[in-house]
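I have placed the structure first, in the form of structure tokens, so that the comments after it can refer back to it.
The values are calculated or read from the model by the stated rules, or taken from the named source; none is laboratory data. Since we're looking at a predicted model, the values are computed, not measured. All Cβ positions, even for glycine, are placed from backbone atoms using ideal geometry, and neighbour counts span all protein chains on display.
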Amino acid sequence: MRTLVLNAGYEPLAVVSFKRALVLVMNDKATVIERVEDDPVWGSHGVYERPAVIILSRYVRVPASRRMPVTRRGVLRRDNHRCGYCGKAASTIDHVLPRSRGGADSWENLVACCLRCNNIKSDRTPQEMRWELRITPRPPHGASWTVRGTERSDPRWEPYLALAA
């Protein structure tokens, strides 16, 4: 079970284990604002509510821009595991401008791709193939990208993640 941590401005900061969240609450460093109903934590000194969302007591500033590193998993996630060329299920990534022609490993040059399209395209550009990209590759944005662990979010987190988006 994971817990969403917010700062005093209700900005998502992190996703932590419920044990870590409970320690923060017990040390008066955080307050529970959403709890898991009917699933208490039994301790030697009593019963505690299991936190789903906590808010820190002191304000913690979120850096203005967090540059997301480019990863294969991130590109697939950004493109919803769909091929940028045909729309079928993607299992790999492709450089729009091939690396052999100076294409960079950047969010703007990488798309999710199925094996068939990747093999057919080979070392060519989409223009040479007379193909069109179904999406415009760009860096990801939003709270689900700046806060690690929110890709498998709890429904109780949605209002707080929506505020940050």
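Of all residues in the stretch 3-43, which are within 10 Å of I55 (Cα to Cα) and among the small types (G, A, S)?
Scanning the stretch 3-43 gives A8, G9, A21, A30.
Test R73 against the criterion of being out of contact with any helix residue (DSSP H, G or I) (no Cβ under 7 Å at 6 or more places or on another chain), within 30 Å of R124 (Cα to Cα) and not hydrophobic (A, V, I, L, M, F, W, C), and give yes or no.
yes
Given the residues I93, I120, which is the only one that is assigned to a helix (DSSP H, G or I), among the β-branched types (V, I, T) and surrounded by 12 or more Cβ atoms within 10 Å (Cβ to Cβ)?
When all the criteria are applied, what remains is I120.
Could we say that P137 is more than 23 Å from R20 (Cα to Cα), touching a Leu at 6+ places or on another chain (Cβ under 7 Å) and modelled with pLDDT of 90 or more here?
For P137, the condition - more than 23 Å from R20 (Cα to Cα), touching a Leu at 6+ places or on another chain (Cβ under 7 Å) and modelled with pLDDT of 90 or more - is met.
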